[in-house]
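The values are calculated or read from the model by the stated rules, or taken from the named source; none is laboratory data. Keep in mind the model is a prediction, meaning the values are calculated, not measured. No Cβ is skipped: glycine too gets one built from the backbone with ideal geometry, and neighbour counts run over all protein chains shown. Note: areas computed on protein heavy atoms with side chains; ligands, DNA, RNA excluded. Shrake-Rupley method; radii C 1.70, N 1.55, O 1.52, S 1.80 Å.
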Amino acid sequence: MKLLMAANWKMHKTRADAAATLSRLVAALSGMPADREVAVFTPFTALSACADALGESPRIGLGGQNCYPAQEGAFTGECSPAMLRDVGCTWVLTGHSERRAIFGESAAFVGQKTAFALASGLKIVLCIGETLEERDSGQLAAVLERQMREGLAGVGDDMPAPVLSLAYEPVWAIGTGRVAGPKEILEAHALARAFLEKRFPAQGKAMRILYGGSVKPENAGEIIRLDNVNGVLVGGASLQAESFSRIVLA
Ligand code: PGA
């Protein structure tokens, strides 16, 4: 299984900045080891420029940060999986905690998006994670279980492993500089692995589980060597090619 090293640029970068960052990243990763794969989730407005900057780079994939579960229609402000594919995406993020918290996305709606995007031929990184309040009140396992169950509700149990990944991102570690410790990461990733193995009997073992939340060049190496950690999803430290390439090569 290849490690999946993913960049989430959130609402950052003009087209020119995005394309220049990506070109620097391609150059910095020319010697990337064969056991790594990269996905970059850019704002919608930068996708086309980024697709041009990437050219035929099979080991760096492009992704949208969100999609709407319909082919087309009267959904002002939204973007369909078919549109993402049209602009060169092979990936999409679903269930990011910012979408859940700021835009009120329910676990069930996240599930609709996940199933629809997979059926549309995109690969998925489904994000899950607990708030500090949920962790402190002993709800970690229940929260993750519900997010995974509802987030994957419409997905067939024969889904091939390379197209479906989870990202465990504790909400309290996102953008805060407070990275989860090895014990916390191991516990959550073991819960996610057990769920995947039960839900996808043939492929669950081989599905990737990423960690996200204040990943930096300084801590990435330790994190990706933990059991059941198969990559990282990086926000702030992915905005510069120099720091993200150090993470990818960690
Ligand atoms: P961060 O964000 O690396 O800035 O903490 C991670 C994410 O939200 O995906």
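The figures follow:
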item	result
Average accessible area per residue (Å²) across the chain - probe 1.4 Å, nucleic acids and ligands excluded	44 Å²
Apportionment of accessible area to carbon and sulfur, the range 76-116, percent (1.4 Å)	57 percent
Of G64, G88, G213, the one that fluctuates the most in a GNM where the chain has Cα springs shorter than 10 Å	G88
Separation between Cα centres of the range 84-114 and the range 137-213, rounded to whole Å	15 Å
Structure-based [θ]222 nm, the chain - -39500 (n - 2.57) summed over DSSP H runs of at least 4, per residue, nearest 500	-11500 deg cm²/dmol
Selected from T114, A142, L29, residue furthest toward positive end of dipole (the range 3-248; charges at beta carbon)	L29
Spin-label proximity, F75 to the range 153-174 - amide N less than 20 Å from point 7 Å beyond Cα toward beta carbon	153-156, 164-165
Gain in span if fully extended, K183 to E133, counting 0.36 nm per residue against the direct Cα distance	16.2 nm
Where labels lie 7 Å past Cα in the beta-carbon direction, separation of M1 and R59 in nm	2.0 nm
Prolate/oblate/rounded label for the chain (Cα gyration tensor, a/c 1.5)	rounded
Pair T176, A141: separation of 7 Å Cα→Cβ label points (nm)	2.3 nm
Size of charge dipole - the chain - debye, nearest 20, with Cβ of Lys, Arg +1 and Asp, Glu -1, no other charges	320 debye
Cβ-defined net charge surrounding F195, 15 Å radius [Lys, Arg +1; Asp, Glu -1]	+1
